[in-house]
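The values are calculated or read from the model by the stated rules, or taken from the named source; none is laboratory data. Because the structure is predicted, anything quoted here is derived from the model rather than measured. Please note: Cβ atoms are built from the backbone with ideal geometry, for glycine as well, and neighbour counts cover all protein chains shown.
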Protein chains: 2
Amino acid sequence: MKFNQQEAEILECILRWRRDVRYFRTDAIDESVIDELQAAMDLAPSVGNAHPWRVFRVDSPEMRAAVRANFNRCNAAAAADYSGQRQADYLRLKLAGLDAAPLQLTVFTVTDTQKGHGLGRRSMAETLHDSTAMAIHGLWLAARVRNLGLGMVSILDPDAMERLFDVPEGWQFSAYLCLGYPEFEDDTPLLHRVGWQENHAYPWERL
Amino acid sequence: MKFNQQEAEILECILRWRRDVRYFRTDAIDESVIDELQAAMDLAPSVGNAHPWRVFRVDSPEMRAAVRANFNRCNAAAAADYSGQRQADYLRLKLAGLDAAPLQLTVFTVTDTQKGHGLGRRSMAETLHDSTAMAIHGLWLAARVRNLGLGMVSILDPDAMERLFDVPEGWQFSAYLCLGYPEFEDDTPLLHRVGWQENHAYPWERL
């Protein structure tokens, strides 16, 4: 499989127009598209080919309400850490699309999996979490190229998420994902756009 | 920016033909391509727009030799954990392209960065590591669409890597990356191909 310059430019465009979306329309995503998203996520790399991510679709209003309550508690605690203008700025930010996103996923990482027979993680157990993060990133891009937005919510108490979803011992909460058609598009991160944290990058120093 | 079905299929093809590469040709990568890879990596999402990854290009033969020695120690220790047929199978695997890859990068995560002003990581500090993992995944795809291979090496002692590269307090080793043109291509993970760990996936249970 040889890729060409045009295909490289398409990938660059997908990467550039991927955003962390918090403003969603409520119209549903076709089930066939959701199947494609799952298949794309499953193409992610994983340490030892262990595939440690586990995903639940959260449809129940009660579960969604419990996640929102968890978010509200954590977000209030985070806001209380700031003061003055920064606190006011923080409180103006909309940091999750939990209110509207039609598809909501909760993602866990199995830290005691036998899959992969431990390969690649003996000295760096955290590579299992890295695998899950990469799978989320693959899902993110697959959503974007289908003109869907994804928002990754981490303002949550992970222990409470593990209790809420009653996961087995050894499963650790990784992220809660909101997906749906975005209310608007942008090639610039919202936190840069609103002045919270500007974009920056660091050169690759040569040694 | 609206993407179409053909662009979705191109992304699917890039995801499907991405591999963890350990067999590299030694011909150099053009500097202009390396610049494109860096730019693509910098489009990755990061918690609070904090951009916590730091990358060094490892050119010096002495540094490369020290990394190989670290890998050899960790790989021998990993092999010693297995016995019988599985140990023999493990010892037959080539798990890194450190011997040949023309471009080698070492990646760290800044865990005490002020960038992002703590947003999104108060209850989940590990999201900084997730950001670095996603940036590596973006680099991986950007390499693949340029017909380059990338191999992520985690069979390393992270403390020794932090000492070797003399990084500031608060920087944690994330991964060592080998890049170059691959000796062969495949749409199937090597660990599945050789029978170490077959591919598998889990459905998204609905709650």
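Restricting attention to the range A:193-202, the residues that are farther than 26 Å from A:T132 by Cα and at the interface with another protein chain (Cβ under 8 Å from one of its Cβ atoms) total 2.
If you filter the range B:44-102 down to residues that are more than 10 Å from chain A (Cβ to nearest Cβ) and in contact with an Asp or Glu (Cβ under 8 Å, 6 or more places away or on another chain), you find that the one that is farthest from B:E183 (Cα to Cα) is B:R68. Within the range B:33-43, the set of residues being within 7 Å of chain A (Cβ to nearest Cβ) and either without any contact (Cβ under 8 Å) to a residue 60 or more places away in the chain or polar (S, T, N, Q) (or both) comprises B:Q38 only.
Give the range B:78-128 a look and list any residue that's under 30 Å from A:R22 (Cβ atoms), out of contact with any strand residue (DSSP E or B) (no Cβ under 6 Å at 6 or more places or on another chain) and of a type in the set (S, T, Y), or say none.
Those that are under 30 Å from A:R22 (Cβ atoms), out of contact with any strand residue (DSSP E or B) (no Cβ under 6 Å at 6 or more places or on another chain) and of a type in the set (S, T, Y): B:T113, B:S123, B:T127.
Scanning the range B:164-185 for residues that are within 20 Å of the chain's Cα centre (by Cα), more than 9 Å from chain A (Cβ to nearest Cβ) and charged (D, E, K, R) returns a single hit, B:E183. Residue-level analysis places B:D157 outside the set of residues that are closer than 30 Å to B:C13 by Cα, modelled with pLDDT of 95 or more and of a type in the set (D, E). Selection of the range B:5-29 for residues being under 17 Å from B:G149 (Cα atoms) and of a type in the set (V, I, T) yields B:I14, B:V21, B:T26, B:I29. Based on what the data block shows, is B:R144 among the charged types (D, E, K, R) and buried (at least 21 other Cβ atoms within 10 Å of the Cβ)? So B:R144 fits the description; yes.
Is it the case, given these coordinates, that B:D112 is more than 26 Å from B:R68 (Cβ to Cβ), facing chain A (nearest Cβ under 7 Å) and acidic (D, E)? No: the conditions fail for B:D112. On inspection, B:A101 fails the criterion of being surrounded by 14 or more Cβ atoms within 10 Å (Cβ to Cβ) and in a helix (DSSP H, G or I). Here A:S46, A:S83, A:S32 are screened, and the one residue that is hydroxyl-bearing (S, T, Y), modelled with pLDDT of 95 or more and closer than 15 Å to A:R146 by Cβ is A:S32. Looking only at the range B:71-102, count how many residues are closer than 20 Å to B:P189 by Cβ and charged (D, E, K, R). Residues that pass the stated criteria total 4. In the range A:107-121, what count of residues is obtained for those that are farther than 18 Å from B:V194 by Cα and buried (at least 19 other Cβ atoms within 10 Å of the Cβ)? The qualifying residues number 6.
Of all the residues in the range B:1-32, those that are part of a helix (DSSP H, G or I), surrounded by 17 or more Cβ atoms within 10 Å (Cβ to Cβ) and either under 17 Å from the mean Cα position of the chain (by Cα) or touching a residue at least 12 places away in the same chain (Cβ under 8 Å) (or both) number 3.
Run down B:A77, B:A96, B:A65 and say which single residue is touching a helix residue (DSSP H, G or I) at 6+ places or on another chain (Cβ under 9 Å) and not basic (K, R).
Working: B:A77 fails: touching a helix residue (DSSP H, G or I) at 6+ places or on another chain (Cβ under 9 Å); B:A65 fails: touching a helix residue (DSSP H, G or I) at 6+ places or on another chain (Cβ under 9 Å).
Exactly one residue qualifies, and that residue is B:A96.
The number of residues in the range A:50-67 being touching a strand residue (DSSP E or B) at 6+ places or on another chain (Cβ under 9 Å) and assigned to a helix (DSSP H, G or I) comes to 3. Here are B:A39, B:A44, B:A125, B:A100: which of them is of a type outside the set (K, R) and out of contact with any Ser or Thr (no Cβ under 8 Å at 6 or more places or on another chain)? Only one candidate passes the filter, namely B:A39. Checking each residue in the range A:125-160 for being at the interface with chain B (Cβ under 7 Å from one of its Cβ atoms), part of a loop (DSSP other than H, G, I, E, B) and either out of contact with any helix residue (DSSP H, G or I) (no Cβ under 7 Å at 6 or more places or on another chain) or without any contact (Cβ under 8 Å) to a residue 24 or more places away in the chain (or both) picks out A:E126, A:N147, A:S154. Just wondering, is there one or more residues in the range B:165-188 that are buried (at least 19 other Cβ atoms within 10 Å of the Cβ) and part of a helix (DSSP H, G or I)? Within the range B:165-188, not a single residue is buried (at least 19 other Cβ atoms within 10 Å of the Cβ) and part of a helix (DSSP H, G or I).
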